[in-house]
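Right, one structure below, let's go through it.
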Amino acid sequence: MNKNIGSESNKMIGILGGGQLGSMLAIAANKLGLKTHIYSSSKDSPAFNYATKYTLADYNNQIALKDFVEDVDIATIEFENIPEQTLNYISDCVPLYPNKESIFLSQDRFLEKNFIRQNGVEVADFIEINNKEDIKKWDFSLKPGILKTRKFGYDGKGQKLINSMRMCEEYFIGLNNVPCIIEEVIPFHMEVSTITTRSQDGSIEIFEPSRNIHKNHILHTSSIPSGLSSSLIEKLYEISKLIISKLNYIGVLSIEFFITNNNIKVNEIAPRVHNSGHWTMNGANVSQFEQHIRAISNMPLIKPKTLHSLEMLNIIGTDIHYWEKSNDNEDRKIHIYGKTEIKKGRKLGHVNSIKRFKK
Ligand SMILES: Nc1ncnc2c1ncn2[C@@H]1O[C@H](COP(=O)(O)OP(=O)(O)O)[C@@H](O)[C@H]1O
Ligand SMILES: [Mg+2]
């Protein structure tokens with residue numbers, strides 16, 4: 001094994017997960033002269049097409065994992081729901097960025113919200129639901145609540161707006177009594193997110209926040225600029241810096257926020273590059289993917305600069321048929337992920353539309 005021999009450019013980066021985020025990380029690594037090894041349990045893994053090497057195996061396949069860690073110099077993730085034992089094993093063998101503690105925290109909404117609150121940052125009110133009795137602790141006659149599974153939720157999956165205790169009990173049972181939270185509904189007037197990167201020397205760079213619009217709980221558009229006041233943007237940066245530093249985090253961390261009048265609440269964090277950061281591919285001097293690869297492979301970060309106003313539109317489900325037949329032009333960049341299965345609600349690509357006036 002030639003581990004750690006030679007220049008940075010010989011480095012093999014292991015990426016757990018084979019979706020579009022893995023593809024875009026692999027392309028960014030390649031641009032920097034680095035190699036990638038994608039590990040995924042799914043045959044339909046578009047990132048396999050862009051990687052130097054790939055492994056198709058379950059996340060708890062010990063033989064495949066051993067081969068993987070022997071092949072890579074560092075490891076990272078493109079989705080957070082990787083089994084705990086697997087993350088423990090990988091981080092015992094090679095440097096894992098971000099650290100496993102940050103990943104564990106963001107796998108569980110209850111732990112995540114507690115952590116954010118303990119650091120003096122507001123979140124929506126919430127309670128923990130482990131059994132039917134716990135549901136009585138939320139007074140639905142005072143306010144409705146959103147029942148969310150603590151783990152494995154994404155794109156609105158595993159969550160439901162609830163108006164009564166009976167309805168809550170029914171849904172909880174329907175979820176096979178898995179641990180949940182109930183969370184208050186926030187009457188936000190805007191959703192925004194930050195994409196923050198922390199390097200190995202502790203320096204931090206943040207892309208300007210995007211304004212995010214969701215449809216059916218799935219991200220629909222992310223726009224730059226967000227339209228937020230500069231004082232609110234400064235507060236978002238402060239919160240982002242605080243959270244990433246407290247986690248002793250290396251790499252890109254994404255944070256979703258609810259904005260109500262002049263108040264900020266953190267919705268959730270993702271320990272990885274994020275859909276709401278795809279605008280950076282065509283709207284900034286560096287993409288979130290390159291910035292992540294730079295951070296984890298100990299290369300200097302680039303100070304993010306926004307080049308254009310821009311709207312990122314997700315291509316979801318059968319919308320792909322339209323976009324597959326469309327062409328890029330100077331102001332419109334279409335990114336198709338190459339997934340083989342077209343399913344309702346599945347993210348299959350995105351379009352960055354540039355609005356050409358200098359900021
Ligand atoms: N407490 C809430 N109040 C208002 N809207 C919410 C709340 N929680 C979630 N939503 C809406 O649902 C979307 C998805 O929920 P989120 O908690 O971010 O889960 P996911 O992991 O599926 O992204 C949010 O971006 C927001 O639009
Ligand atoms: Mg979310």
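Any idea what the alpha-carbon Rg over 2.2 N^0.38 Å comes to for the stretch 223-323? The partial results should precede the final answer.
Values: Rg = 15.0 Å, N = 101, 2.2 N^0.38 = 12.7 Å.
The reported ratio for this selection is 1.18.
Report relative contact order for the chain in percent, whole number only (criteria: Cα-Cα under 8 Å, sequence separation at least 6). Each step should come with its number before you reach the end.
Details: 745 pairs, mean separation 50.4, N = 359.
The normalised contact order for the chain reaches 14 percent.
Past the 24 Å Cα-Cα mark, which pairs from K151/K265; K157/K355; K215/K235? List each step's numbers first, then the result.
Values: K151/K265 20 Å; K157/K355 33 Å; K215/K235 27 Å.
Where the Cα-Cα span goes over 24 Å, the pairs concerned are K157/K355; K215/K235.
Given the pairs K66/K246; K43/K339; K53/K333; K325/K347; K53/K339; K148/K339, which are separated by over 21 angstrom at their Cα positions? Walk me through the numbers before you get to the answer.
Working: K66/K246 31 Å; K43/K339 10 Å; K53/K333 28 Å; K325/K347 17 Å; K53/K339 18 Å; K148/K339 28 Å.
Going by Cα-Cα distance, K66/K246; K53/K333; K148/K339 fall outside the 21 Å limit.
Rank by packing, highest mean first: peptides 94-103, 200-209, with packing defined as the count of other Cβ atoms within 10 Å averaged across residues. Spell out each step's value before the answer.
Details: 94-103: 21.2, 200-209: 17.7.
Descending mean neighbour count gives 94-103, 200-209.
P(r) tail for the stretch 90-131, what percent of Cα pairs lie past 11 Å?
Values: 603 of 861 pairs.
Roughly 70 percent, rounded to a whole number.
Mind checking which helices in the chain clear 30 Å along their axis (Cα) and have mean Kyte-Doolittle hydropathy of 0.5 or more, DSSP H runs only?
Details: long enough: none.
The qualifying helices: there are none.
Which percent of the accessible area of the stretch 190-355 is formed by carbon and sulfur heavy atoms (probe 1.4 angstrom)?
On the way: 3110 of 6720 Å².
Result for the stretch 190-355: 46 percent of the exposed heavy-atom area is carbon or sulfur.
When a/c is below 1.5 the answer is rounded, else prolate if a/b is larger than b/c, else oblate, so apply that to the stretch 8-96 with a ≥ b ≥ c taken from the square roots of the Cα gyration tensor eigenvalues. All intermediate terms of the calculation are to be shown ahead of the outcome.
Values: a/c = 1.74, a/b = 1.22, b/c = 1.43.
Oblate shape, in that a/c is at least 1.5 and b/c is the bigger or equal ratio.
Leaving out ligands and nucleic acids, note down the accessible area per residue over the chain with a 1.4 angstrom probe, in whole Å². Please report the intermediate quantities before stating the final value.
Details: 16540 Å² over 359 residues.
That works out to 46 Å² for each residue.
For the stretch 8-96, what % of the accessible area comes from carbon and sulfur atoms, probe 1.4 Å? Write out the running numbers ahead of the final one.
Details: 1690 of 3690 Å².
Roughly 46 percent, rounded to a whole number.
Normalised by the number of residues in the stretch 21-103, what is the relative contact order in percent for Cα pairs under 8 Å and 6+ residues apart?
Working: 96 pairs, mean separation 19.0, N = 83.
Relative contact order, the stretch 21-103: 23 percent.
The values are calculated or read from the model by the stated rules, or taken from the named source; none is laboratory data. Treat the numbers as computed from the prediction; the structure is a model and nothing was measured. Don't worry about glycine lacking a Cβ; one is built from the backbone with ideal geometry, like all the others, and counts go over all protein chains shown. Accessible surface areas use protein heavy atoms only, side chains included; no ligands, DNA or RNA. Shrake-Rupley method; radii C 1.70, N 1.55, O 1.52, S 1.80 Å.
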